[in-house]
Amino acid sequence: MQISIITLFPEVFTQIFNNSLLKRAQIKKKLVIEMVNLRDFGQGKHRTVDDRPYGGGVGMVLRVDVLTQAIESTKKKSGREAVILLDPKGKQYKQEDVEFYSKYDHLILVCGHYEGFDERIRKIVDFELSIGDYILSGGEIPAMVVVESIARLIPGVFEKEEASYYESFSKIDGKRILEEPIYTRPAVYKGDSVPKELLSGDPKSISKYRKKEALNLTKKRRPNILKKP
């Protein structure tokens, strides 16, 4: 899979993408990450990418012509490909979206900055995503979220495939639930003991306990996700 990121600040991704799971995914050639500097498509001697909004207002707006050129130059035009605008007005990003986008061959993530995008850019993108109901200075952090969440689902990235199966928001027995409470040593800490089921050594008992606790935790903390198909 390839993910291309159109941004004004490609350097901010270096540490995140060169460590841990994302580094491993790239070494294994399961994921190719391409950084596309929007400034390379800027206008004139100063490589201008933005302008003042018509009608007045605070801040500068990314130009539709610059963005379009960057997007079209980044497209591979082969395989399953999609352009995603990272924008607070977009659909809120959920685990089901992660699963959906992980099936693509090539994703182009467009990071905003300044006051946002010229509205006409929405006509040439395929999807619009928001990572939450709040405002950030740009789309770089949302892009990092999207890349890592998708990388976790690419076959072969984890040494053990099941590592990505039983996590919060995964679908278990037809329902999306939170991961069950987990414990490690010491077995007793300040009088607080690890549940006896986890110490039993009985795989069936442990599995039953984990499913029950995951469902109970979800009902208590996030009952809304149990109602989703």
Report summary line: Here, residue 168 and residue 122, labelled 7 Å along Cα→Cβ, have an inter-label distance in nm of 3.1 nm
Report task. Compute the relative contact order of the chain as a whole-number percentage, counting only Cα pairs closer than 8 Å that sit 6 or more residues apart in sequence. Result -> 19 percent
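What ranking do 189, 104 get, fewest neighbouring Cβ atoms within 10 angstrom at the top? Display every interim value, and only then the final one.
Values: 189 10, 104 18.
Ranking 189, 104 by Cβ neighbours within 10 Å, fewest first, gives 189, 104.
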Query - Label point distance in nm, residue 89-residue 28, each placed 7 Å from Cα along Cα→Cβ - result: 3.9 nm
Report task. Starting at the first residue of the range 127-139, write each ³J(HN,Hα) from the Karplus equation 6.51 cos²θ - 1.76 cosθ + 1.60 with θ = phi - 60°, in whole Hz, x for Gly and Pro. Result -> 9, 10, 10, 10, 8, x, 8, 7, 10, 10, 6, x, x
Requested in this report: Measure nothing but the geometry: give the 0 to 90° angle between the long axis through the Cα atoms of 140-151 and the longest principal axis through the Cα atoms of the chain, rounded to 10°.
Outcome: 50 degrees
Report summary line: Once phi for every residue in the range 55-60 is put through the Karplus expression 6.51 cos²θ - 1.76 cosθ + 1.60 (θ = phi - 60°), the whole-Hz ³J(HN,Hα) values, with Gly and Pro written as x, are x, x, x, 8, x, 10
**Report entry** Two-site label geometry, residue 14 and residue 204: point separation in nm, points 7 Å out along Cα→Cβ
**Finding:** 5.7 nm
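Based only on other Cβ atoms within 10 Å, what is the fewest-to-most ordering of 135, 5, 124?
Working: 135 8, 5 26, 124 14.
Ascending Cβ contact count within 10 Å gives the list 135, 124, 5.
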**Report entry** Acute angle (nearest 10 degrees) that the helix 203-221 long axis makes with the longest principal axis of the chain, alpha-carbon atoms
**Finding:** 50 degrees
Query raised in the report: Beyond 28 Å, what percent of the Cα pairs of the chain remain?
Result: 43 percent
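Coordinate-derived values only; no laboratory data. Values in this document were obtained by computation on a predicted structure and should not be read as measured data. Cβ: placed from backbone, ideal geometry, glycine included. Neighbour counts: every protein chain shown.
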